[in-house]
Each structure stands twice: as C-alpha cells, then as structure tokens.
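To start, the structure under review is shown below, and the notes come after it.
What follows is calculated from the coordinates using simple rules that are stated; it is not laboratory data. All values derive from a computational prediction rather than experimental measurement. Positions of Cβ are backbone-derived with ideal geometry, glycine not excepted, and every protein chain shown enters the neighbour counts.
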Amino acid sequence: MATTDEAPQTDESAAPPTQRREKRLGGHDRLVIGAMLALPIVLVVGLVWVPALGSVALSFGTWNGFGDLDTIEWVGFQNYQDIATIYPPFWPAIRHNLIWLAFLFVFPTLLGILLAVVLDREMRGSRFYQTAFYMPVVLSVALIGFIWQLFYSRDQGLINEVFGTEVDWYGDPDVNLWAVLVANAWRHTGYVMLLYLAGLKGVDSTLREAAAVDGASEVRTFFHVIFPVMRPINMIVVVIVVIESLRAFDIVWVINKGRNGLELIGALVAQNVIGEATRYGFGSALAVIMMLISSIFITIYLRNVFREERQR
Amino acid sequence: MSRPRPTGFPGGTSVPRSALTTMAASRRSVLRGMALSGLALGSGGLLAACGGDDSGGGSGEGATVKFGINEAESAGPAYDRLAAMAAAYTEESGTEVSLNAVDHNTFQESINTYLQGSPDDVFTWFAGFRMAQFAEAGLITDVSDLWPIDGLNDSFKQASTAPDGKQYFVPVQYYPWAVFYRKSVFDKNGWAPPETNDDFMALMDDMQGKGVTPFAFGDKDGWPAMGTFDILNMRLNGFDFHMSLMAGEEAWDGDEVKQVFETWRTLLPYHQEDPLGRTWQEAATAMGNGECGMYLLGTFVVDALGENGEDLDFFTFPELDSSIGSDALDAPIDGFCVAAGGQNQEGGKAMAKWLGSAVAADAANNGADAPFIAANEGASTSTYSDLQKKSAEVVGAAANIAQFMDRDTNADFANTVMIPSIQEFLKNPDDIDGVTASIQEQAASIFG
C-alpha cells in the first residue's frame, strides 16, 4: 500500500496524468476505495491486534474470568516469574517445540524431497503412490493422533503385538515425543512431497537437457541445477515447517492434553485458559511468550522476503 | 462486587458476531469481549447453541423454563434420563421446558462463558468446589429456601452448601469410587474382599504369586490417579484434613502429604506398570479379562467392559490406619443449579426443587435403559442393578463423602498443577520431596 501511494510523487513525468485521474475520482469510487481499505483494517485490528495486545495486558494480572474487568488483580511480572521458576512444564515445552522444529526440518523434508524426485520419474503406478503418500495430509492432525494410537497402544497396539515388545509409546516420556513426531511426520512428508512435486513439474525441461548435454550426473543435476531453481518452493517449505512446529498443538492435545513428555507451549496455553482451569493471566503470559518466539521467525522471514523484493 | 449481567456480554456468541457488535458496545464490554474471544481461543463459540436469544422467555406465570443439560442426544441413557425428567415436569406442572442439550465436555469447558452470557434457567452441574466457586462469583442463585427437600438427607444438604452456609445446589444422583473386582475371578482363586490392611497386603501378595497384577491402573487422561490420591489421603490423614488440603489450607509439602506419596510408592509395585500411556478404559479391560485382580475406579467402570456388571462386585478401600478408619470415600454428586443470569428465576427454582424429588428420579430411571443411583432416598430402587443397590448401601453407610479431587479443589489447581504433578510422581516415584515442594510452590501462587 505504501509503495503505491508514494509512486506518483517520486515519478515526476507521470505526475500530471495521475493527478488528473485522482481528481476525477467520484464520490462513489472514493467510497469503494475507502471501504476496501477500512474493512481489512478493521478485521486486522479487531481480530489480530486488539486480542494480541489484550493478551499482553492480561498477562500482567490474575483473573479467573468471573465478573468485570475491574476484578483483575494486577501483579506485574509475577506470572512470567512463576512460569520461569515454579511451573515445571514450561522449560520442557520450550525444548519440545524446538525439537519439533528441528525434526520437521530434517526428516519429513528430506523424505518428501526424495519421494517427490522418485515419483517425478513417472514410473508405473506413480499416481497411486502420489495419492497414497498425500492421503494423510487430508486427515486432521487430531485424527492422526488417534489413528496412531491403534499402533502405539501399550497393551492393545499393533507395534507391541507384532514385535512382542512392551514399549509404552504414548505414555513413556522418554519416547512419546518421538512417537508423536513420527506420526506427525507421516502426515507432513506427504505435504512436502506434493509441494516439491509441483515444483519439479514446473522446472523447465531444457535445464535438465542442458545439464545432461554438459555431462552432469543426475545427482549433480539435481543439487546444482534443479534444487536452486526451486528456491520459491524451498522458501514455502521453510515457512510451512516453522508454522507447523510453532502451532503444533492438536496432536498432543488429543493424545494426553500436552502432558507427561508432550508439553508444548500451545498446549500449555490451552490447559490454562480453555476448559475449567481459568488462569487467564497466567495463560496469557504463556501466549505472549509464544508470540515473542513466533515473531522472531516472522521477522527473519519478512526481512528475507523484503530483501528479495528490493533486489528485483 | 461482581454482578452477573445477563446481557451485553458477547462471549456466548460466536467470535465474528462479537467482533461486529463491538462497534456499538461500550468500551468496557468491548474489552471484555475481546479478552474472552481472543484468549479463550474461540472457546466462546462452542456454546453458541446455549446463548439463546434474549427476546423469548420472560418470567411471567407459566413461562417456559430453560433447562441446560450436559449430555448430548447421542449420549444414550444419560441423555434419556434428563429428557425424561424434563418431560415429566412439563406433564406434572404444566410448565413448558425448553431443553438445551450440549455435549458433556463442551458444556464443562464452556461453563464460564455460558454462565456469564445468557444461561438457561436451570442447568446440570456438580457439587463441591465446582459449585462453590460459582456461588462465590454470584453466578448461581441461592436456593436455600427450597431446602429441606423431602428425601434428601443431611450429607446431601452438606454437599449442596457453599462456604457462605447457603445452599446453591439440588443433588439428583451420585456414584461411588471403590475397588472393583470380578466375582468369578475371586471365587476361582478363593480370594475375599479384605477387611484389614493385613488382609489387603496378603491378598495382593497372593495375587502376585498367582501371576495376576493386583491393581489395574491407567492415568493417561490425568484424572483417574487423583482417585488413588484421594482415598489414600482420606485413609491416612482423615476426611477433615483431606478437605482442608483441597481448600488450600494445608501445606502440600508437609509430612501428611509426603506420607500419602510414600504409601503410594510402596503400593505402586502392586499396580500395572506404565500407567501414563494407558487410558482408564484399557485398564478396565485388563481387570475385566483377569490380567489384573482389582481396579480402583468409579462405578462407570462397567461402561468400559461392555456388559451389565453381573460379574462385578466391589469393596471400599480398606483401612490403613485404625485411628482413622475407613468410613470416608469419594462419591461425586451430580445435580442442578439455578443460573443467576437466567431469565425465569422463580420458574427455575420451582423446577430445581422438583428435580430433587423422588418422583423426578423415578421418571428418569423409568425413561432410560440404564438407571442412575438417585440421591433421593424415597426413589424406587426396583430398576437398580445389584451393583447400584450395593453402591447405595455403601454410600449411605459412609460417614463422610468427598467429591473427587477435581471437584473438591480449585479447577486451576487440579488441572494445571495436580495432574502434571501426580504424573511426575508416577514417572519418578522416588523424588517425593521434589514433587511435593513443587506442588506447594504452585499452590501458594494459585491460592494466594
């Protein structure tokens, strides 16, 4: 928006016609433009900024949700201090969110690329495999947690039944995070695969031919020609991974409400605010911490995008 | 101080609508609406069906009473019983009842926004702290003028009383927590329900000797293990200590609580391993198929076994300290409250009183496949199963009745502190000092 406003003023040769056009804007047009600007602003402010700032404000108080706002007791940084010092699930939650991020970055992404490259070769039945791998993406994450329960259940699950083991996949805090990550990767891989598959289809075939003529091996071609060309896709995948791992919540919520080895910041916020527990101040403080962590990634991403736009 | 307001509170409606109405509302209700719609992550919208419109109703003579129930139509007998009561009330009093059925968990999780929005006149709820906190916040109506209610004895009156000494609740049914076992398994092995602690230990040792795990145990959902804590605390420290501990008036890192965990630790080898990955249904199955000998749970254990409970029996947890005895137990009571925000206060109260009667209980039990155990002693027991008849006897004989930890204490504390802490203990039973110290720190922060 800012760039289109400034453009006429900097570009002097184009100034007269633009000005004339601006003058000619009738009342109707102005109304339309005004509405088109006002509506998104109202939505963004009302649905994003006001609740966000409200959370920040609430995070400095304690309130159980009963009665008017004047029943809020302001406690300064007490909630933050409690979270960092006497709230045992907090640090594990931070660690788990970071593990989640790293895991999604590495395994499903690599596997997704591999599957995309293989399926791109148009072998027999590749459509079938494509659909099969993509199928889990259609399912909600909550449902996936439930489906995998059938594999993971300690007493009645498939894995323990087949291998005769007694591993408590969802209950043992040392393994359950990894078990959940595998279940989550099952879904995420298909997503990444599809994105790269689309990217590969979009790569100009002359590039491959040129590389082949130059005598490059297939592996070399992929890493030095194809992969760099797919930069937009890479960027999208990075963004999706970051978003997915920060908002990770539903799968652990259906498994055990984000407790016992599956603590995630999002689940802790929900535990404190949704449901019967109504620690609105405490929960808001957790939400603010989550917001700060997200904004680090958002800032990095936006800086990257803007830098690219400037280079163009 | 905190006056409930029936109108002007957008929390009960869906988020988009509240976002639009904010334009016209006062600054305060804008802030309030925003705080809730933003922070509750949309949970305000869950009860949209409950919001109702403000136009209908009215509180005149013979006006409709709105009845909010925490069982959806798909819930089977639980829903049928409530619906049958509503129908019977209409028939008997001529008052029209408008039923608002909401799924159980949704109802519970949205109760805050529901009560502060435009609630139904009468709604299903629980005795204990869960009731008392709403009484304190002025969200439910004082119904002490309805009491005494014919057929409801003193312990039920006690359970309906908030800390201010007034009644805010009308009980309708309850179920005990006890140690369940299969009659056939006990008969085959020549086992008998233990009378004393020595019997109890001998029984568990014998079970282990025969390759049967004495206790089924699952705590994936976090709350079932609270029942074990409750009963051990009541057996070791007595009912009064248990209740004041729940009220936040005793130290969680004191010797009494440590003793509870110590005892629990010595009992853990008699429980199924790895409880944190097992749901209570799976644990119940283990008891049902004979892998485990006993299971400490509520009577709802029958539901997980998919049978009518003919082969099930139970005994109350045996005495651990002879100076304390074994006459206290958890027996959560369900019943009804009148919402202070309801439009038809008189009609709501009249209906609540009727719902506590023996006639209402009979109507419920005759209208559904599975009966509940009526709180009213005048209610007919002809539809009861043997298990239910025995439950009624056992609870009737108990000197003290607790409501279960998550009903007896602050919900914030129960859900965000006790569940993770008990799970931490089960993971690492040797660090009792660490767990109790952590509970105490958090309790101090929450109870203030």
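Quick look at the values:
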read-out	value
Length-normalised contact order for region A:193-312 - Cα pairs under 8 Å, 6+ apart - percent	15
Distance (nanometres) between label positions extended 7 Å along Cα→Cβ at B:Asn153 and A:Leu98	5.9
Trypsin sites (Lys or Arg not before Pro) restricted to DSSP loop in region A:90-192 with at most 13 other C-beta within 10 Å	A:Arg121, A:Arg124
Label point distance in nm, B:Ala399-B:Glu291, each placed 7 Å from Cα along Cα→Cβ	3.9
Cβ-placed point charges (K, R +1; D, E -1), dipole of chain B about Cα centre in debye, nearest 20	1560
Counted charge near A:Thr221, where neighbours are those whose Cβ lies closer than 15 Å (Asp, Glu -1; Lys, Arg +1)	-2
Within region A:89-278: Cβ-based charge dipole about Cα centre, in debye rounded to nearest 20 (Lys, Arg +1; Asp, Glu -1)	440
Estimated FRET transfer efficiency (B:Thr381, B:Asp255; beta-carbon r; R0 41 Å; 0.05)	0.40
10 Å Cβ neighbours from other chains, averaged over peptide A:43-53	4
Loop-located GluC sites (Glu not before Pro) in region B:95-150, at most 16 other Cβ atoms within 10 Å (DSSP)	B:Glu96
Within 10 Å of each Cβ in A:170-180, the average number of Cβ atoms from other chains	3
Around B:Gly342: net Lys/Arg minus Asp/Glu count, Cβ-Cβ under 11 Å	-1
Compactness of chain A as Cα Rg over 2.2 N^0.38 Å, two decimals	1.31
20 Å cut-off, amide nitrogen to a point 7 angstrom out along A:Val48 Cα→Cβ, residues in region A:204-245	A:236-245
Dipole of the protein assembly as shown, positive end: most advanced residue of B:Ala162, B:Phe123, A:Ile99 [Cβ charges, Cα centre]	A:Ile99
Test item: Cα-centred dipole of the protein assembly as shown, Lys/Arg +1 and Asp/Glu -1 on Cβ, debye	4100
Range in chain A, longest, excluding exposed GluC sites (Glu not before Pro) [loop by DSSP; at most 15 other beta-carbon atoms within 10 Å]	A:167-312
On Cα atoms only, tilt of B:224-237 relative to the major axis of chain B in degrees	70
Gyration tensor verdict on the protein assembly as shown (Cα atoms; rounded if a/c is under 1.5, prolate if a/b is larger than b/c, oblate otherwise)	oblate
Euclidean distance of C-alpha centroids, region A:275-290 and region B:153-198, integer Å	35
For residues of A:58-65, the mean tally of beta carbons on other chains within 10 Å	3
Virtual spin-label span in nm between B:Glu262 and B:Glu92, 7 Å along Cα→Cβ	5.3
Environment charge at B:Tyr174 (Cβ cut-off 11 Å; Lys +1, Arg +1, Asp -1, Glu -1)	-2
For region A:89-278: relative contact order, % (alpha-carbon pairs under 8 angstrom, 6 or more apart)	34
Whole-number percent relative contact order across chain B, with pairs defined as alpha carbons under 8 Å at least 6 apart	24
Top positive-direction residue, dipole computed over region A:89-278 with Cβ charges, set A:Ser245, A:Phe128, A:Gln156	A:Phe128
Crossing angle, helix B:255-267 versus chain B [Cα axis fit, 0-90 degrees, rounded to tens]	60
Span-like helix ranges in chain A, DSSP H, alpha carbon extent 27 angstrom or more, Kyte mean at least -1.0	A:90-119, A:176-202, A:280-311
